[in-house]
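Everything below concerns the one structure shown next.
All of the numbers you see were taken from the coordinates with simple rules; none came from a lab. It should be emphasised that the depicted structure is a prediction, and the values quoted were computed from it without experimental measurement. Reconstructed Cβ throughout: ideal geometry from the backbone, glycine too, with neighbour counts over all protein chains shown.
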Amino acid sequence: MKGAKKRVLIVDDEVSFTRLLKLNLEQSDGYEVQTVNAPLTALAEARRFQPELILLDVMMPDLPGGDVAAQLLADPALRHVPIIFLTAAIKKAEVSACGGLVGGLPFVAKPVEMKELRRVLDAYLA
Amino acid sequence: MTEVEKRYAELMDHLPVGVYRNTPGDEGRFLEANPELVAMFEAESREQLLGCRVNDLYVDPGQRKVFCEKILRHGFVREHELELKTLKGRRLLAEVNATLKRDKGGELYIDGVIADVTERKRAEADLRRACAELARSQKALKSTMRQLLASRDQLEQAQLGLIQAARFESVATLAAGVAHEVKNPLQIILMGVDYLDANLPPESGDLAGVVGDIREAARRANAIIREILELSVAARLDRREADMNAVVERSLTLVHYEAQAARVQVVRDLAPSLPPVLIDTVKIEQVLINLFLNSLQAMAQGGRLTVSTRVERARDAVRSNGASTVGEGGEHQFVAVEVRDNGPGIPRELLPKVFDPFFSTKPVGVGTGLGLAVVRKIIDLHEATIDLANGAEGGVRVAMRFRARSPTTSVMPVPDAPKRQRTAIRPASRKAAILEAR
Ligand SMILES: Nc1ncnc2c1ncn2[C@@H]1O[C@H](COP(=O)(O)OP(=O)(O)OP(=O)(O)O)[C@@H](O)[C@H]1O
Ligand SMILES: [Mg+2]
């Protein structure tokens with residue numbers, strides 16, 4: 001494992017998902033995870049936490065993932081933090097068909113297993 | 001005149017048919033004529049008629065010759081039709097019944113009755129014409145009727161197709177909505193399983209098995225959802241030139257384990273060099289795997305799975321797409337792929353249903369009934385054709401035809417298939433894993 005823990009912010013309205021994802025990532029002691037279940041507070045939390053990577057759910061009530069991403073990208077301090085979208089509304093085949101990018105941003109299709117997710121995270125945090 | 005003679009004379013005078021006696025030959029003349037005959041030929045008087053040659057009453061004297069020959073030979077004529085003309089030149093059609101007689105001096109003469117059948121003949125001709133006309137219009141009517149029936153059948157067929165398509169689409173759309181909803185809970189289950197798996201105490205025994213079972217179940221559920229979405233999402237094809245034989249080989253590799261487990265012999269009958277086809281190889285592999293799995297599942301006690309490819313030439317059997325090339329004489333080249341098994345086949349009454357989404361005869365957990373629905377959808381997207389039937393020697397025979405890319409026969413290199421991520425797979429979930437790896 002590398003020295004410093006990588007800080008990952010997870011924005012997803014599904015509480016049990018964020019809790020389990022945090023548990024999974026943190027037990028491999030490479031990550032420090034912060035979770036956000038209310039998308040309207042995502043920007044503030046990101047400014048405070050200063051993540052190195054953001055996992056962002058697409059379909060959320062109140063504020064869709066796309067809008068959250070726009071907020072994050074508009075912030076000079078967060079602009080360079082990679083965002084990976086997580087969504088159930090897209091198939092793996094479609095993700096790979098467009099090289100894992102949709103609208104220039106990377107996507108991971110739900111459901112995803114830890115093995116694959118870790119591979120993606122490692123690729124972006126390397 | 002005697003009383004008898006008078007009666008006969010009176011009879012003759014009033015008969016509404018022409019009665020005559022004349023002599024045969026070119027110079028033949030009338031010896032007797034009743035008033036009806038005089039009127040028939042528009043003569044001024046009986047004397048005028050008796051004064052003229054019989055030949056003069058014929059439109060064509062040749063007919064008279066024929067008439068005389070006939071009566072000289074047979075001694076009589078019955079219902080003999082003649083074209084005659086009156087002394088004033090009006091034409092008439094006459095029907096004659098006559099007998100040949102010989103007088104005491106040995107001279108031949110003819111006694112006959114003659115009826116003007118002009119009107120009757122005209123009516124008959126009119127009737128015949130009307131009949132012919134009727135027959136014609138009846139024929140036209142029949143063919144119109146046939147056309148109508150045919151187009152009604154076509155319409156019904158199209159309507160059925162539409163209903164089928166609509167039902168298919170609505171089932172697929174509904175299912176897709178549900179599928180998306182199911183993905184999130186599945187995600188939680190998989191995350192939970194990952195966490196449990198990573199935290200199992202060493203020597204956990206049964207626990208590891210239980211966790212593994214849950215993971216398998218979640219993956220299977222996910223594979224089903226994937227299939228459902230495959231149906232509904234307007235799938236984008238990533239079409240490239242590919243060699244069908246290579247696609248067949250790769251697909252066979254992926255079901256190698258199942259084939260062995262079912263003790264099924266796999267027979268390859270691949271044409272040595274196929275023209276390239278423009279296909280989404282991943283999706284066509286999915287098609288083949290679905291067909292292979294169906295066959296393997298039908299032959300759980302062993303059997304033979306035959307895959308053949310060959311080049312076919314045909315006139316436009318498949319909707320044209322821009323990429324196709326027309327060979328000589330408007331013929332197209334097709335790559336035909338056939339998957340055959342010698343399992344039990346499909347009961348006739350079930351054949352029309354096998355492509356329906358969710359139609360399955362397999363127990364829950366084994367079959368979702370989406371395999372062939374997905375196959376059909378993918379084949380349609382490729383503008384290819386698929387034909388599923390029971391084979392002549394039993395088993396099921398699935399024939400597909402893809403339009404060849406160009407008339408050249410060289411085998412094109414197949415672009416690298418997307419990297420497959422392979423995990424250890426248990427037989428029951430082999431298909432799920434194959435789909436998972438997509
Ligand atoms: N090769 C075959 N031999 C016998 N029956 C077949 C064969 N292929 C298909 N069938 C019949 O057609 C039905 C529908 O097939 P389909 O592939 O659509 O669904 P399934 O195999 O039951 O489930 P799934 O493919 O979703 O796992 C099957 O349940 C089976 O009854
Ligand atoms: Mg099947």
Other chains' Cβ within 10 Å of B:181-188 residues: what's the mean? 6
Can you run phi through the Karplus equation (6.51, -1.76, 1.60; θ = phi - 60°) for segment A:27-35 and list ³J(HN,Hα) in whole Hz, with x for Gly and Pro? 6, 8, 6, x, 10, 10, 10, 10, 10
5 angstrom amide H check on A:ILE84, placed H, neighbours 5+ away: A:ILE54, A:LEU55, A:LEU56
The answer for B:ALA404, listing residues at least 5 apart or on another chain whose modeled amide H is closer than 5 Å to its amide H, is B:GLN333, B:PHE334, B:VAL335
Once amide hydrogens are built 1.01 Å from N within the peptide plane, the residues lying 5 or more places from A:MET59 or on another chain with amide H under 5 Å from its amide H are A:GLY65, A:ALA88
Cross-link partners among aspartates and glutamates for B:LYS85, C-alpha distance below 14 Å, same-chain residues fewer than 8 apart left out? B:GLU42, B:ASP56, B:ASP60, B:GLU95, B:ASP116
Suppose a student asked you for the relative contact order of segment A:1-69, using Cα pairs under 8 Å spaced at least 6 residues apart; what percent would you report? 39
I'd like the Karplus ³J(HN,Hα) series for segment B:211-222: coefficients 6.51, -1.76, 1.60, θ = phi - 60°, whole numbers in Hz, and an x wherever there's a Gly or Pro. 4, x, 4, 5, 4, 4, 4, 5, 5, 5, 4, 5
Linear extension gain, B:VAL266 paired with B:SER204, 0.36 nm per residue minus alpha-carbon span: 18.3 nm
Which entries of A:LYS5/A:LYS110; A:LYS22/B:LYS377; B:LYS6/B:LYS70 show an alpha-carbon separation above 30 angstrom in the structure shown? A:LYS22/B:LYS377; B:LYS6/B:LYS70
When the Karplus curve 6.51 cos²θ - 1.76 cosθ + 1.60 is applied with θ = phi - 60°, which whole-Hz ³J(HN,Hα) does each residue of segment B:177-189 get, with x for Gly and Pro? x, 5, 4, 4, 5, 6, 4, 5, x, 4, 4, 5, 4
Would you compute, for the Cα atoms of segment B:3-116, the largest minus smallest coordinate along each principal axis and list the three values in descending order, in whole Å? 41, 35, 25
Rounded, prolate or oblate: which fits segment A:6-125 when a ≥ b ≥ c are the square roots of the eigenvalues of the alpha-carbon gyration tensor, with rounded for a/c under 1.5 and prolate only if a/b beats b/c? rounded
